[in-house]
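Following: one structure in structure tokens, then a few remarks.
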Amino acid sequence: MLNDYILSHISPEHPYLYKLYRATNTQLIRPRMASGHLQGQLLKMLTELINPQTVVEIGTYSGYSALSMAQGMRPGSRIVTFEINDEQEDFTRPWIEGSPHGDKVCFHIGNALEEVPQLGEVFDFVFMDGDKRQYMEYYEMILQHTSSGALILADNTLWDGHVVDKAYLNDRQTVAINEFNAFVAADKRVEKLILPLRDGLTMIRKK
């Protein structure tokens with residue numbers, strides 16, 4: 001498979017992330033929600049290249065993406081990550097706190113739409129992977145709390161190809177993603193690019 005070929009020709013997965021991904025697949029109901037090695041490596045390299053001081057993530061899940069970003073960040077920088085599902089905390093918090101990069105991650109259980117504005121911070125890098133039906137709300141909120149030149153990554157923006165499949169025209173999540181994609185495409189406040197990586201990843205740079 002092409003995916004196996006790709007994975008065998010990129011930098012190896014960190015042993016701790018390998019263990020986390022394996023635990024995610026054996027212990028959680030929806031393991032596909034975790035970023036995995038390919039996307040994790042992209043997140044790591046982007047944080048290395050951009051060198052953000054502050055990162056916000058919407059949708060922690062098992063912590064794989066947060067720890068991938070933390071791996072590429074310098075000492076003194078930090079990630080604030082929000083998970084709305086409180087049942088996820090018992091799995092995720094020990095994995096974050098046990099990581100060699102866990103000191104860079106501030107893990108919160110709560111609604112990012114309510115809590116990010118209360119932080120009073122300006123972020124340099126954003127990874128958006130929460131409820132797809134709220135992507136428009138996340139996006140507008142995040143634009144108010146990011147610096148000029150900040151990079152926003154929105155995950156799952158191709159939604160298994162459902163965005164171009166007429167059978168999913170009435171699916172609420174597909175409709176929401178299509179509305180988000182159309183809005184971003186027309187938004188002159190940003191530059192944007194959709195990567196056909198895994199389930200679709202939109203890169204958005206605030207002007």
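The values are calculated or read from the model by the stated rules, or taken from the named source; none is laboratory data. Note that this is a predicted model, so its numbers are computed, not measured. Neighbour counts are summed over all protein chains in view; Cβ atoms, including those assigned to glycine, are modelled from backbone coordinates with ideal geometry. Quick note on the areas: whole protein, heavy atoms, side chains included, nothing else; ligands and nucleic acids left out. Shrake-Rupley method; radii C 1.70, N 1.55, O 1.52, S 1.80 Å.
For the range 78-90: of the residues being open to solvent by less than 60 Å² (accessible area, probe 1.4 Å) and in contact with a helix residue (DSSP H, G or I) (Cβ under 6 Å, 6 or more places away or on another chain), which is farthest from Gly59 (Cα to Cα)? Among those that are open to solvent by less than 60 Å² (accessible area, probe 1.4 Å) and in contact with a helix residue (DSSP H, G or I) (Cβ under 6 Å, 6 or more places away or on another chain), it is Ile79. Do you know which residues across the range 1-48 are closer than 23 Å to Gln88 by Cα, surrounded by fewer than 15 Cβ atoms within 10 Å (Cβ to Cβ) and free of Cβ contacts under 8 Å to residues at least 40 places away in the same chain? Correct list: Pro15, Tyr18, Lys19, Arg22, Asn25, Thr26, Ile29, Arg30, Arg32.
The set of residues in the range 185-196 being hydrophobic (A, V, I, L, M, F, W, C), under 17 Å from the mean Cα position of the chain (by Cα) and surrounded by 13 or more Cβ atoms within 10 Å (Cβ to Cβ) consists of Ile194, Leu195. Residues of the range 53-72 that are under 17 Å from Ala150 (Cα atoms), touching a residue at least 60 places away in the same chain (Cβ under 8 Å) and surrounded by 24 or more Cβ atoms within 10 Å (Cβ to Cβ): Val55, Val56, Glu57, Ile58.
In the range 146-155, the qualifying residues are those that are of a type outside the set (A, V, I, L, M, F, W, C) and open to solvent by less than 20 Å² (accessible area, probe 1.4 Å), and the one that is farthest from Asp124 (Cα to Cα) is Asp155. Scanning the range 149-185 for residues that are of a type in the set (S, T, N, Q) and either at pLDDT 95 or above or closer than 20 Å to Gly59 by Cα (or both) turns up Asn156, Thr157, Gln173, Thr174, Asn178, Asn181.
Which of the residues that make up the range 154-173 are touching a residue at least 40 places away in the same chain (Cβ under 8 Å) and of a type outside the set (A, V, I, L, M, F, W, C)? Within the range 154-173, Asp155, Asn156, Thr157, Gln173 qualify. Residues being part of a helix (DSSP H, G or I), under 21 Å from the mean Cα position of the chain (by Cα) and not hydrophobic (A, V, I, L, M, F, W, C): count how many of those fall in the range 1-26. Selection size over the range 1-26: 9. Of the residues making up the range 175-205, those that are touching a residue at least 24 places away in the same chain (Cβ under 8 Å) and assigned to a helix (DSSP H, G or I) are Ala176, Ile177, Glu179, Phe180, Asn181, Phe183, Val184. Is it the case that Leu143 is surrounded by fewer than 21 Cβ atoms within 10 Å (Cβ to Cβ), in contact (Cβ under 8 Å) with a residue 40 or more places away in the chain and closer than 20 Å to Arg205 by Cα? Judged against the criteria, Leu143 is a match. Against the list (1) under 24 Å from Leu201 (Cα atoms); (2) touching a helix residue (DSSP H, G or I) at 6+ places or on another chain (Cβ under 6 Å); (3) of a type in the set (Phe, Trp, Tyr), the condition Trp95 fails is (1). Taken over the range 161-207, residues that are farther than 27 Å from Asp124 by Cβ and touching a strand residue (DSSP E or B) at 6+ places or on another chain (Cβ under 6 Å) amount to 0.
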